[in-house]
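Visitor: Have a look at this one.
The values are calculated or read from the model by the stated rules, or taken from the named source; none is laboratory data. These numbers were taken from a predicted model, which means no experiment stands behind them. With ideal geometry, Cβ positions are generated from the backbone for all residues, glycine too; neighbour counts draw on all protein chains shown.
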Protein chains: 4
Amino acid sequence: MTTNNYQPKPEHKFTFGLWTVGNRGADPFGAQVREKLSPPQIVELLAEVGAYGVNFHDNDLVPIDASASERDQIVKDFRNACEENGIKVPMATVNLFYEPVFRDGAFTSNDARVRAFAIQKTMRAMDLGKEFDAETFVLWGGREGAETDGCRRADEAIKRLREALNYLCEYNIKQNYNYKFAMEAKPNEPRADIYMATTAAYLAFIETLEHKEMVGVNPEVAHEQMPGLNMTHAVAQAWEAGKLFHIDLNDQYPGRYDQDLRFGSVSPKQMFWLVKFLEDVGYEGMRHFDAHAYRTEDYEGVKDFASGCMRTYLILKDKAERWNNDEEIRSILAEIEETNKGAKLGEFDNLLAQNFDRKELASKGLKYEKLDQLTMDVLFGVR
Amino acid sequence: MTTNNYQPKPEHKFTFGLWTVGNRGADPFGAQVREKLSPPQIVELLAEVGAYGVNFHDNDLVPIDASASERDQIVKDFRNACEENGIKVPMATVNLFYEPVFRDGAFTSNDARVRAFAIQKTMRAMDLGKEFDAETFVLWGGREGAETDGCRRADEAIKRLREALNYLCEYNIKQNYNYKFAMEAKPNEPRADIYMATTAAYLAFIETLEHKEMVGVNPEVAHEQMPGLNMTHAVAQAWEAGKLFHIDLNDQYPGRYDQDLRFGSVSPKQMFWLVKFLEDVGYEGMRHFDAHAYRTEDYEGVKDFASGCMRTYLILKDKAERWNNDEEIRSILAEIEETNKGAKLGEFDNLLAQNFDRKELASKGLKYEKLDQLTMDVLFGVR
Amino acid sequence: MTTNNYQPKPEHKFTFGLWTVGNRGADPFGAQVREKLSPPQIVELLAEVGAYGVNFHDNDLVPIDASASERDQIVKDFRNACEENGIKVPMATVNLFYEPVFRDGAFTSNDARVRAFAIQKTMRAMDLGKEFDAETFVLWGGREGAETDGCRRADEAIKRLREALNYLCEYNIKQNYNYKFAMEAKPNEPRADIYMATTAAYLAFIETLEHKEMVGVNPEVAHEQMPGLNMTHAVAQAWEAGKLFHIDLNDQYPGRYDQDLRFGSVSPKQMFWLVKFLEDVGYEGMRHFDAHAYRTEDYEGVKDFASGCMRTYLILKDKAERWNNDEEIRSILAEIEETNKGAKLGEFDNLLAQNFDRKELASKGLKYEKLDQLTMDVLFGVR
Amino acid sequence: MTTNNYQPKPEHKFTFGLWTVGNRGADPFGAQVREKLSPPQIVELLAEVGAYGVNFHDNDLVPIDASASERDQIVKDFRNACEENGIKVPMATVNLFYEPVFRDGAFTSNDARVRAFAIQKTMRAMDLGKEFDAETFVLWGGREGAETDGCRRADEAIKRLREALNYLCEYNIKQNYNYKFAMEAKPNEPRADIYMATTAAYLAFIETLEHKEMVGVNPEVAHEQMPGLNMTHAVAQAWEAGKLFHIDLNDQYPGRYDQDLRFGSVSPKQMFWLVKFLEDVGYEGMRHFDAHAYRTEDYEGVKDFASGCMRTYLILKDKAERWNNDEEIRSILAEIEETNKGAKLGEFDNLLAQNFDRKELASKGLKYEKLDQLTMDVLFGVR
């Protein structure tokens, strides 16, 4: 096995946001460390490392105060860069968090004019995304939250969010955009609490929408792991509900600030189960890396970072296949499957009449320590 | 104001589980410190401290290996104790976590016979609860999880959980039990990961059931705060969805083992928002305290604990009313409401045509620091 | 009791950093929302709200690229502002985290020139602080950490940190500055891991210094609570070791990004124990609020924030006194003290010969639930 | 490479506590699932899997109420088992947490008789350990903490702890036991807060002891990771201070209950740095696995668990060596080392006179993304 086995190809559908490899390394305690790259330069960088596509927030591409002609020029230059480099734009999104106007929320702001502006801005971002044939529209409500729950009732925030989504779905229909909306949850940061704290919160919320069929989720590893939740379980619930419209891959140590680290670099075991799940179920969407390079890096390091994200995904994909084909693992799985073939529930009376020997049912070890250690062996490449 | 203002009364609907005041103080590192109380003794204790009701798992009341005649005697004695002490049984539940047979799950076990046994056990617990006119049936799947995700796919677990719930809803109908099922989530402990990690996960899951109208949630403070989530936000989403069927009150420091501490004793500020929410929206269900006394206590201390739970609830309820009537707070809320009366969304073209001055919209301070400090003043009783 | 009881006075020794009330509300996801205030303007604001003193990092006051004459003018203007407003400068510190040069550490950088530059910058910051008679010099090594432990061994980082501190202590002696150094720990953010993760880590480190008598700690509420540790316990260990040279007060929800919220606004119960400890032991140092206003605020809100920090401290101080004088609480404490008077250890043989009845010793409830609920009552102002 | 490369041998010094492989699977929500093994049976099991030694708490071996003759028989049987199986006893410890008498602390209890009993019990445990030539005596103060900080001041607890340790050190001297004491920290569970929350807290505390040279620390992976701290950094500080007297290896997801999972099964990346550190510095002490098997397992599974702990250690040790010898990694490390050879600090005046070009110093990327991805490749076994 050589390092060349894990080269990214278009069919892997690896995408990056303009804001990821274009991240300049500023943080709450420090200045930017990398020069600004223009969107076409970022596209070139992504092509160089072998990515399939690029995604953007409206203002990643077009500055918020750009004139109409500036906008047109930027769009043209970016389109050219994408075409020349064979880079797609599968997803677009809208920035509803940077500007001071959204300091207390966008769709959920107490100020009706702010809410209207946020929706207007989103519509224009949808227009912009469609100019590049984006098929998915992600919504992350980074400011939809609170520092003090005195400022509004959380159920009122949900109603406002619903009103916004219903309106935007209508716009999607009216314009024949055929977007799939993918809602991205996060529990906190930059707000003390964000209203839709988890992917599951959005899954529940979506069921209350007028056009729920066009709305799904965009789970992010870091956002589920920040509160110590199991990302794969969140993804599984979304998948099982037919709502896994997009995914944000990165890595995160639990209980910390939003780290957006290189995919798989903190929790390779957990990311193994995630990649295995995506591959086993046949997820066909984008593998979007929503991460950025350490602040210690220049743009060569940014390329190392981006390459590393994709490489680790491919390594884990390969290991998932090895796991599925491992004889010893398969033997344990077969034993598990055997017990799964037991009693049917049947009629109530029948079930109530059955006698279960609960001690006998508990008598056999389940071999999960062995199964998990075999998994570690696969992960370490020692079998 | 005197300490006598905060006496529990039946209309407050304060309930405790047999397992809460009956908890004997064992933990993973230590032996029991309190003698066993019989269920009738627990009922007496609850009457003494002024509780409204008592709840139980099947095996809190009837030991798992009790004979039919033992069962009947226990039930009779317990009924007598409840009647003599004026204690109701508003909720029943089933223990699907203690016995070794459930070591790898009950409804989601890989072993079909274990799943069938778990459902049978639940049906019998439903029968038992109905003998006391319980109206709510709580389900906490403490073992529905995994230490290694190799043992089953998480989406398979969801399917199994759905099959169980659909079956039990049918049984509920067949028996005319009219139970409302209340699903209780928890992220981990005793399993490394539990499948339905949050209240929101259940809210999403419920939408996929055949009789979703009879299934809601039972959010627990500790279980939402373990991963550092905002309990009030979880409750608000449940309430807004019409799914707040029950609630478990206690307290918990985030990022730790399941502490089940006296209500309000760790996070009085957060519990203030919670009580305020419940009272403001007119929640009429039980206020169930799912907590237990410190291991340093004897049964006098257990009474102090139980009294403290109810007292703190009533103090916070009183403070919520003061907050609502505080002139300075009302003035800030009125300003907030003023901005809420702004632009309507209207037609797409109209909205797109509007000009929003985002700098002007961001120019005014929102007075949330003041609002929150006024809240602290109310909480501290200094205004 | 009226709201006027809690007015800050000079003897309370409430201080704020230039960077706290001067914080402009930027965060990793959003732009600044407040205009820049000059240092003299900040001093005026602090005087208006009743603070005792102001602290600064070198570059809070003097921009890093200021010329000598610019520096002199700034220093002069600031001194005038302090004198006119009766504001002291009890503490100074150095910014070793903002500039890209420190992206991989200052005192612990792998680059010897960066380490030398960091020490030089600190010496100059010491010079600057002494121009304002600062007595305490705080060192927060925000960049002394790593994203990948491959970059250096953690014990090597400790050695470098020691070399820097020993050198700076010598400089302190040489210059007759008489500074007390106060080391400030933090577990993470902006680095994935910071080397001296807790106050206790510094307490241990200090014992290895050549001039350990001149080095102590500056525990910060948020930094201890980020990993869910008990701030009061950290402070108690520092105090008991004679090393509590300074303290940073704010508030923080555990397991999240560094929030720096208004003192007492998240965890009033925990902050009650902290204030009670400081007052009970007679801590005479500064009460420094290292926090900032919500991003929703203008400078009126910043004043509300600053006033709220001090007001809550004074409320908690008052409650601590009430707690100490509460008859029922004193009665429980007296019972506790009674058991404290038991057997002396004496000679080994004597101790080994004693018979302890461990069941009898465990037979009595300790009344801690009652004690803690009485504490809640004091906190809520209902007794 | 085959699976046979990673066989445990005596020189690896792998040890397990009686309570680890003897753990019967009970937890706060569930009954025991495995039959009790006698100490000699456990010794046989450990010999079978290839361990070097076994450790015990006094009451793991000798029940607390055993008569003198029972004690002698147990000791004799255990010694025989150890000798027959070639199993050493390198460490002993004392159980100061299980019995109700310690419900509010042992060395730090408010009750002087409890403190005396705890010390007496420890002395006897030291006697017992010496009968097996144990060289290290671990102290974990599982109950030295509080649920309410009203019960005692934390600095008072520290003084009591010091008194106990000073007394026990004297006993160690008097008896010529030559024990090295290894203090084990934990932040919480079973107490809401434990006083010595981190390894670093003990490192600081030890400096205040009368015989500090005979006291060091026993860092545990799970206990450092529960609050999300970096275990390797804690170990590095202990090592650098000459205080790494013992180590407890297991695994733990941050922000959760004490999981004590199979070594390396949750955080292989973090455990790689830990093993690499131990091997690089030449740590010669025991590698003690303080973990237990999943509750799904029978004793075959317990063996899988124990074997897995040792196997993963050896895999990681092998990978650490590969990392050290990897050409590309060495090349990056050489570049790092080059910058480490820069300016000396020299005299104050010289340092102050130097000109540092901070932009130039920040201009070069540090290649840490590459370094860390190469580490992942080594970990995955793909280079």
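Visitor: From the list D:Asn355, D:Asn350, exactly one residue is assigned to a loop (DSSP other than H, G, I, E, B) and more than 14 Å from chain A (Cβ to nearest Cβ). Which is it?
Guide: On inspection, the qualifying residue turns out to be D:Asn355.
Visitor: So which residues in region B:165-193 are within 9 Å of chain A (Cβ to nearest Cβ), under 22 Å from A:Val235 (Cα atoms) and either surrounded by fewer than 21 Cβ atoms within 10 Å (Cβ to Cβ) or in contact with a Lys or Arg (Cβ under 7 Å, 6 or more places away or on another chain) (or both), if there are any at all?
Guide: B:Asn188
Visitor: I need the full set of residues from region B:1-21 which are in contact with a strand residue (DSSP E or B) (Cβ under 9 Å, 6 or more places away or on another chain) and in a loop (DSSP other than H, G, I, E, B), in order please.
Guide: Scanning region B:1-21 gives B:Pro8, B:Lys13.
Visitor: Let me ask something else. So if I check each of C:Asp72, C:Asp111, C:Asp65, which one is acidic (Asp, Glu), modelled with pLDDT of 95 or more, out of contact with any strand residue (DSSP E or B) (no Cβ under 9 Å at 6 or more places or on another chain) and farther than 30 Å from D:Lys367 by Cα?
Guide: C:Asp72
Visitor: State whether the residues of region A:26-36 include one that is under 19 Å from A:Phe132 (Cα atoms), out of contact with any helix residue (DSSP H, G or I) (no Cβ under 8 Å at 6 or more places or on another chain) and modelled with pLDDT of 95 or more.
Guide: There is no residue in region A:26-36 that is under 19 Å from A:Phe132 (Cα atoms), out of contact with any helix residue (DSSP H, G or I) (no Cβ under 8 Å at 6 or more places or on another chain) and modelled with pLDDT of 95 or more.
Visitor: Moving on to the next point. Scan region C:259-269 and tell me whether some residue there is within 7 Å of another protein chain (Cβ to nearest Cβ), over 25 Å from B:Leu229 (Cβ atoms) and either without any contact (Cβ under 8 Å) to a residue 40 or more places away in the chain or in contact with an Asp or Glu (Cβ under 9 Å, 6 or more places away or on another chain) (or both).
Guide: Checked against the condition, which is being within 7 Å of another protein chain (Cβ to nearest Cβ), over 25 Å from B:Leu229 (Cβ atoms) and either without any contact (Cβ under 8 Å) to a residue 40 or more places away in the chain or in contact with an Asp or Glu (Cβ under 9 Å, 6 or more places away or on another chain) (or both), region C:259-269 yields no hits at all.
Visitor: Additional query: Residues in region D:358-383 that are assigned to a loop (DSSP other than H, G, I, E, B) and either of a type in the set (Lys, Arg) or more than 24 Å from C:Asn95 (Cβ to Cβ) (or both): how many?
Guide: 5
Visitor: Right, here's the next one. Looking at (1) among the hydroxyl-bearing types (Ser, Thr, Tyr); (2) surrounded by 14 or more Cβ atoms within 10 Å (Cβ to Cβ); (3) more than 30 Å from A:Leu46 (Cα to Cα); (4) facing chain D (nearest Cβ under 9 Å), can you tell me which one A:Ser307 breaks?
Guide: Every listed condition holds for A:Ser307 apart from (3).
Visitor: Next up: I'd like to check something: does region B:256-264 contain any residue that is aromatic (Phe, Trp, Tyr), over 27 Å from B:Glu44 (Cα atoms), surrounded by fewer than 24 Cβ atoms within 10 Å (Cβ to Cβ) and touching a strand residue (DSSP E or B) at 6+ places or on another chain (Cβ under 8 Å)?
Guide: Taking every residue of region B:256-264 in turn, none turns out to be aromatic (Phe, Trp, Tyr), over 27 Å from B:Glu44 (Cα atoms), surrounded by fewer than 24 Cβ atoms within 10 Å (Cβ to Cβ) and touching a strand residue (DSSP E or B) at 6+ places or on another chain (Cβ under 8 Å).
Visitor: May I pose another question? Restricting to region B:228-248, what's the tally of residues that are closer than 20 Å to B:Leu261 by Cα, at the interface with chain A (Cβ under 9 Å from one of its Cβ atoms) and in contact with a Lys or Arg (Cβ under 9 Å, 6 or more places away or on another chain)?
Guide: So the answer is 2.
Visitor: Let me spell it out: the conditions are (1) at pLDDT 95 or above; (2) surrounded by fewer than 24 Cβ atoms within 10 Å (Cβ to Cβ), and B:Ser267 meets all of them except one. Which number is the exception?
Guide: (2)
Visitor: Residue by residue through region A:242-301, note down the ones that are among the hydroxyl-bearing types (Ser, Thr, Tyr) and closer than 20 Å to A:Phe181 by Cα.
Guide: Of everything in region A:242-301, just one residue is among the hydroxyl-bearing types (Ser, Thr, Tyr) and closer than 20 Å to A:Phe181 by Cα, namely A:Tyr283.
Visitor: Which of the following residues is out of contact with any Ser or Thr (no Cβ under 8 Å at 6 or more places or on another chain), within 14 Å of another protein chain (Cβ to nearest Cβ) and farther than 18 Å from D:Lys303 by Cα: D:Gly25, D:Gly30?
Guide: Of D:Gly25, D:Gly30, the one residue that is out of contact with any Ser or Thr (no Cβ under 8 Å at 6 or more places or on another chain), within 14 Å of another protein chain (Cβ to nearest Cβ) and farther than 18 Å from D:Lys303 by Cα is D:Gly30.
Visitor: Another question about this same structure. Please specify each residue of region D:287-304 satisfying the condition of being under 17 Å from D:Ala222 (Cβ atoms), more than 7 Å from every other protein chain (Cβ to nearest Cβ) and not basic (Lys, Arg).
Guide: D:His288, D:Phe289, D:Asp290, D:Ala291, D:His292
Visitor: Next question, about the same structure. Identify, please: which residue in region A:142-158 is part of a helix (DSSP H, G or I) and more than 7 Å from every other protein chain (Cβ to nearest Cβ) and is, among those, nearest to A:Met214 (Cα to Cα)?
Guide: Residue satisfying both the conditions and the ranking: A:Ala157.
Visitor: Select from region C:271-297 the residues that are under 16 Å from the mean Cα position of the chain (by Cα) and part of a loop (DSSP other than H, G, I, E, B) and list them in ascending order.
Guide: C:Tyr283, C:Glu284, C:Gly285, C:Met286, C:Asp290, C:Ala291, C:His292
Visitor: Restricting attention to region C:93-140, and to residues there that are more than 10 Å from every other protein chain (Cβ to nearest Cβ) and assigned to a helix (DSSP H, G or I), which single residue is surrounded by the fewest Cβ atoms within 10 Å (Cβ to Cβ)?
Guide: Looking at the filtered set, the residue picked out is C:Lys130.
Visitor: I want to confirm something. Restricting to region D:199-236 and keeping residues that are assigned to a loop (DSSP other than H, G, I, E, B), touching a Leu at 6+ places or on another chain (Cβ under 9 Å) and not aliphatic (A, V, I, L, M), which single residue is surrounded by the fewest Cβ atoms within 10 Å (Cβ to Cβ)?
Guide: Looking at the filtered set, the residue picked out is D:Glu210.
Visitor: In addition: Among B:Lys359, B:Lys370, B:Lys364, which is farther than 23 Å from C:Tyr313 by Cβ, among the basic types (Lys, Arg) and within 41 Å of the chain's Cα centre (by Cα)?
Guide: B:Lys364
Visitor: Also: In region C:53-65, is there at least one residue being more than 9 Å from chain D (Cβ to nearest Cβ), closer than 30 Å to D:Lys276 by Cα and within 24 Å of the chain's Cα centre (by Cα)?
Guide: No, the conditions are met nowhere in region C:53-65.
Visitor: Filter region C:359-383 down to residues that are buried (at least 18 other Cβ atoms within 10 Å of the Cβ) and basic (Lys, Arg) and give me whichever is nearest to the other protein chains (Cβ to nearest Cβ). Give the steps one after another, and end with the answer.
Guide: Step one: of region C:359-383, the residues buried (at least 18 other Cβ atoms within 10 Å of the Cβ) are C:361-362, C:365-382.
Filter again for basic (Lys, Arg), leaving C:367, C:370.
On the way: C:Lys367: 6, C:Lys370: 4 Å.
Per the stated criteria, the residue is C:Lys370.
Visitor: For B:Lys370, are the conditions met, namely being within 17 Å of A:Val114 (Cα to Cα) and among the basic types (Lys, Arg)?
Guide: no
Visitor: Sticking with this structure for a sec: Any residue at all in region D:76-87 that is more than 14 Å from chain C (Cβ to nearest Cβ), touching a helix residue (DSSP H, G or I) at 6+ places or on another chain (Cβ under 6 Å) and within 30 Å of B:Val101 (Cα to Cα)?
Guide: no
Visitor: Oh, and also: Restricting attention to region B:240-255, does a residue exist that is in a helix (DSSP H, G or I), touching a helix residue (DSSP H, G or I) at 6+ places or on another chain (Cβ under 7 Å), surrounded by fewer than 24 Cβ atoms within 10 Å (Cβ to Cβ) and not aromatic (Phe, Trp, Tyr)?
Guide: Yes - at least one qualifying residue is present in region B:240-255.
Visitor: Picking from A:Asp298, A:Asp357, which residue would you name as being over 20 Å from B:Asn110 (Cα atoms) and of a type outside the set (Lys, Arg)? Don't jump to the end; show me each part of the working.
Guide: Values: A:Asp357 fails: over 20 Å from B:Asn110 (Cα atoms).
After ruling out the rest, the residue left standing is A:Asp298.
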